[in-house]
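Below: one structure, written as structure tokens.
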């Protein structure tokens, strides 16, 4: 039974256990030449090779003075080096603090100093500017460590403790400043157990690292593969998804709605999607028409609801579920619990729930007296007990005395053919206090005519919820989720308080 494999029963780091069980199974698959040293001669590492190499790097880190429990920043481009360095840090007993390469150099010191980092492992040339107060460790130098050491290293690895802190992950929420969520190894491991019970993963399977590894959705792939004995598949930088899926023998893939849409638009993308055992869809709501199109094609989609604080998925549907089920977020996975307040706020708890938010004064717990985390998300349960996420508690605004939840309007806009993403934001209005405007990402690049969208929305929404205008999606830097805060600020700049719409 998969749920029996809990880290509390493991005296050794799980990679050691996995290497003993399936030493010759592929652990990491990539394009030849993507890793330094002897690894460059082969497009794959076995679990035995990965265990030896990460052990060497971990000992090297310990020899350089990295202490057990020390927080170490990780600023690497996505690639096969990432899981190697990440696992090496964990084997050294350090706390990995992944930082997005999209963050400007000037913002990196503030993020790392907030969480108490003194060292940063980085690619050559990244960061591009010196960072005061941080000791830089070259990722290239680390990766040159012999993956098949001879003799006994002078510096031993610390004992593995599954209850110890493992990562600090900056939230990818759509509003406000990113928070620093502290997760223990057992949080990540319990998340992997529940996910693998829902989406079976075994030796010979390859899960594509198609989401940024500094997000919990990308990190979770590493733990799922380690648990299931599957390989982490890593594409070349800029490699099209369809090409990576076919070329790396991918059996499982994590996607956001935009990636799914683009794959469905091309012949090789459709073929790639049909070939995988499961495609996990996350990062926000997907248009119902997109889900129906994928299922009709034979894609085994899985929809989910999750968060950084819950170590990735909290609820999920199952591979092979029909479209009407996939329009929900499914039921709680193993080791998770879910509840709703009288006002519809989603509460979650369980073994996957994080330790708290790291702040300059320490770790701030974020659960109530009963152990529930108040997500700030709103939802309801359908007749079969599946979660339907309806919005955010903190995005509601009032227009002419009426409450408006932007997500309700966005869901309807996503039903319009060709609309791939929608964000509704309030702008000041002298008469009503605020009015909604909508940013739309469409297949054509431009929103349909306002009158056309108005007619469509009026079939399901009252007049006060109809956006007063529809704007093209701006060319802004994005993460996994649309940046609601940035789009709202852009809308307010375009429509200042005394402007008439």
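Read the figures in this text as sums done on the coordinates, not as results from a lab. Here the structure is a predicted model, which means the values were calculated and not measured. Here the Cβ positions follow ideal geometry from the backbone for every residue, glycine too, while neighbour counts run over all protein chains shown.
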Taking a ≥ b ≥ c as the square roots of the Cα gyration tensor eigenvalues, with a/c under 1.5 meaning rounded and otherwise prolate when a/b beats b/c or oblate if not, region 288-432 comes out oblate
With the 8 Å Cα cutoff and a minimum separation of six or more residues, the chain has a relative contact order in percent of 12
Using alpha carbon centers only, region 328-352 is separated from region 50-126 by a whole-angstrom value of 32
For 376-387, 405-416, ranked highest to lowest by mean beta-carbon neighbours within 10 Å, the order is 405-416, 376-387
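From the Cα gyration tensor of region 397-494, with a ≥ b ≥ c the square roots of its eigenvalues, which class applies: rounded if a/c is under 1.5, or else prolate if a/b is larger than b/c, or else oblate?
Here region 397-494 falls in the oblate category.
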Most packed first (mean Cβ within 10 Å per residue), the peptides 304-312, 421-429 order as 304-312, 421-429
Cα-Cα pairs in region 222-372 separated by more than 27 Å, as a whole percent of all pairs, come to 33
With T = 10 °C, eta = 1.306 mPa s and Kirkwood Rh from C-alpha pairs, the Stokes-Einstein D of the chain in µm²/s is about 67
Ordering 75-87, 320-332 by per-residue average of other C-beta atoms within 10 angstrom, highest first, gives 75-87, 320-332
